[in-house]
1. How high is the relative contact order of segment 28-169, in percent, with contacts defined as C-alpha pairs under 8 Å that are six or more residues apart?
2. Applying the Karplus parametrisation 6.51 cos²θ - 1.76 cosθ + 1.60 with θ = phi - 60° to the phi angles of segment 150-166, what ³J(HN,Hα) value in whole Hz is obtained for each residue in order, glycine and proline being reported as x?
3. Past the 27 Å Cα-Cα mark, which pairs from Lys49/Lys143; Lys51/Lys143; Lys113/Lys143; Lys21/Lys155?
4. Can you give me the accessible area per residue for segment 60-149, using a 1.4 Å probe, in Å²?
5. With no solvent and one equal point scatterer placed on each C-alpha of segment 51-205, evaluate the Debye formula and give log10 I(q)/I(0) for q = 0.20, 0.21 Å⁻¹, two decimals.
6. If Rh is defined by the Kirkwood formula over all Cα pairs and Rg also comes from Cα, what ratio Rg/Rh do you get for segment 67-118?
7. Amide H of Asp136 versus every other amide H placed in the peptide plane: which residues, excluding those fewer than 5 positions away on the same chain, fall under 5 Å?
8. If you take the charge dipole of segment 55-189 about its Cα centre, with +1 on Lys and Arg Cβ and -1 on Asp and Glu Cβ, which of Pro116, Val98, Ala165 is farthest toward its positive end?
Amino acid sequence: MKRFSILIVMLCASTFALAQKADVAVVAGGSFVSDSQQSVFSSPSVLSKLKTEHHIYFEGALGLRMLDAKLVALYLEVPVAGIPSQKITFSSTPSTVVDHLSSIFVTPGFRLKVLPASPISPWASVGGGLARYAADSGSPSNKGALEYGGGLDFKTGLPLLGFRAEVRDFVSGEPGTGFFSGLPTGSGGLHHHNILAGGGIVLRF
């Protein structure tokens with residue numbers, strides 16, 4: 001019986017240790033997207049800014065702990081965020097919707113958490129990957145993307161459940177979706193900001 005009790009304690013301890021090695025966050029919030037400047041084919045050709053509506057976003061992020069130095073912990077992280085059906089308008093005529101744009105970001109990287117055992121743990125994240133933009137009209141476009149951000153993780157009375165508040169910026173090239181025949185694809189470079197701010201739950205495994 002004593003050996004059985006010791007075995008149960010060891011199993012529980014190992015399960016608890018495993019629970020601290022991975023987490024999954026489910027987050028929702030608001031998006032703030034920078035304007036895009038596009039050339040309109042006319043006579044003569046002119047430049048016009050496309051405005052992207054602030055909209056809700058959804059995100060899931062998997063984190064695998066690689067290092068625990070007590071004061072800090074390093075995680076390999078894979079955030080996947082999506083913004084559905086944002087309204088696109090010209091800045092000169094904001095009431096006229098010219099298209100709708102959906103965005104998906106997948107940016108594997110690293111998350112550094114400070115004081116991981118404390119009730120409130122600040123963290124910073126950086127990564128790189130892919131941004132995929134798709135409009136109702138035109139073909140989808142893929143762009144390279146850089147992600148950076150930070151937030152706070154809050155512990156609860158339940159070992160496997162926590163809460164998260166965060167802000168991330170997914171920076172990519174211009175969407176380049178070709179909203180209609182008068183607009184060419186977007187230019188290159190990482191200067192199109194998609195700032196996502198929100199909160200949600202964290203499950204630790």
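1. Numbers: 346 pairs, mean separation 22.4, N = 142.
Taking the mean separation of contacting Cα pairs over the length of segment 28-169, I get 16 percent.
2. x, x, 10, 9, 10, 7, 10, x, 9, x, 8, 10, x, 10, 9, 10, 8
3. Lys113/Lys143
4. On the way: 4300 Å² over 90 residues.
Solvent-accessible surface per residue comes out at 48 Å².
5. Here log10 of I(q) over I(0) equals -1.19, -1.28.
6. My calculation of the ratio gives 1.35.
7. His100
8. Sorting the options by dipole projection puts first Pro116.
The values are calculated or read from the model by the stated rules, or taken from the named source; none is laboratory data. No experiment lies behind these values; they were computed from the predicted model shown. Cβ atoms come from the backbone with ideal geometry, glycine included; neighbour counts cover every protein chain shown. Quick note on the areas: whole protein, heavy atoms, side chains included, nothing else; ligands and nucleic acids left out. Shrake-Rupley method; radii C 1.70, N 1.55, O 1.52, S 1.80 Å.
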